[in-house]
Amino acid sequence: MRAGLIVIGILIAALGLWVALGKFTYNDTETKAQLGPVKVQATEEKSVQPALGYVGIVVGAGLVIAGAMRKR
């Protein structure tokens, strides 16, 4: 359990850092207009909010600390 907390904490913190640096993006497709069977769509690449990355870093660091302090 102790090693599992540390590993999961490191993974969450690394993902949080990736998001905080703005490297994590996703595509958002939106229908702009539709006339019968014809659709006009726009796809835009968006990045995840950096605040979510900061939360991931804090939670990951907390799990690493909890795993390190946990007694056997």
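Here are some residues: V7, V55. Which one is surrounded by 14 or more Cβ atoms within 10 Å (Cβ to Cβ), of a type in the set (A, V, I, L, M, F, W, C), out of contact with any Lys or Arg (no Cβ under 8 Å at 6 or more places or on another chain) and outside any strand (DSSP E or B)?
Values: V7 fails: surrounded by 14 or more Cβ atoms within 10 Å (Cβ to Cβ).
None of the others qualify; the one that does is V55.
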In the set L35, L52, the lone residue that is at negative phi and touching a helix residue (DSSP H, G or I) at 6+ places or on another chain (Cβ under 8 Å) is L52
Result of the Cβ filter at 8 Å on region 34-52, keeping first residues that are without any contact (Cβ under 8 Å) to a residue 60 or more places away in the chain and partners that are part of a strand (DSSP E or B) and among the basic types (K, R), at least 6 apart or interchain, is V40/K32; Q41/K32; A42/K32
Residues of region 21-39 being outside any loop (DSSP other than H, G, I, E, B) and either surrounded by fewer than 10 Cβ atoms within 10 Å (Cβ to Cβ) or modelled with pLDDT of 95 or more (or both), in sequence order, are Y26, N27, T29, E30, T31, K32, A33, L35, V38
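The values are calculated or read from the model by the stated rules, or taken from the named source; none is laboratory data. Since the model is a prediction, treat every value here as computed from it, not as a measurement. Backbone-built Cβ (ideal geometry, glycine too); neighbour counts: all protein chains shown.
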